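Each remark here refers to the structure printed beneath this line.
The values are calculated or read from the model by the stated rules, or taken from the named source; none is laboratory data. Keep in mind the model is a prediction, meaning the values are calculated, not measured. Here the Cβ positions follow ideal geometry from the backbone for every residue, glycine too, while neighbour counts run over all protein chains shown. Heavy atoms of the whole protein, side chains included, go into the accessibility calculation; ligands, DNA and RNA do not. Shrake-Rupley method; radii C 1.70, N 1.55, O 1.52, S 1.80 Å.
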Amino acid sequence: MTALGTTLALATAQFATATAATPHASAAAAPKVTITIQGRTKTLLATKTVQPGSKSITRGGAPAGKCPADSAQGALNVATHGDWKGKWYASYHEYLITGILGDNETTKKYYWGFYVNGKSSSKGACDVKLKAGDKLLFKVTKS
């Protein structure tokens, strides 16, 4: 092997080792959170620990990147295995959640409320950036 060949082989091996050991920012895992889902008359999902994904929720016409999978909406999606309904509103960049795990609340008397660490969220679920240990509650709430 020539000196140039040896140098290239060594440089390739060093690059492969460095890139394998360096985590990529885009591959960072979302934090683990707990989620509970309370219907109007019963608990639909007992408290469960989930770790949302890293891409985005794109159902119902939501463009890629507008509702991050590492948001509270992503945690709901993971916890329910996608068993939720909602309408995407482009003007708000948010879903109006109308059903979770078969409990549909589309009347004016009740809606799906959303709570983070015991407090009603002032943001939509797509806009809530999760932190490790957050406690999420999706709950049917009287208007």
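Among all the lysines, which ones have a C-alpha under 20 Å from residue 66's C-alpha, if same-chain residues fewer than 8 places away are not counted?
Cα-Cα hits under 20 Å: 55, 85, 87, 123, 129, 131.
Using a 1.4 Å probe, how large is the accessible area of residue 127, given in Å² and rounded to the nearest 10?
Residue 127 exposes around 80 Å² with every protein chain in place.
Report in % the part of the accessible area of segment 59-143 that belongs to carbon and sulfur, leaving out ligands and nucleic acids; probe 1.4 Å.
That share works out to 54 percent.
Rolling a 1.4 angstrom probe over the protein heavy atoms, how many square angstrom per residue are accessible across segment 61-115?
51 Å²
Report the FRET efficiency, 1/(1 + (r/R0)^6), for residue 106 and residue 129, where r is their Cβ-Cβ distance and R0 is 30 Å, rounded to 0.05.
Between residue 106 and residue 129 the formula returns 0.60.
If R₀ is 22 angstrom, what is the calculated FRET efficiency for the pair residue 55 and residue 34, using the beta carbon separation as r and rounding to 0.05?
0.50
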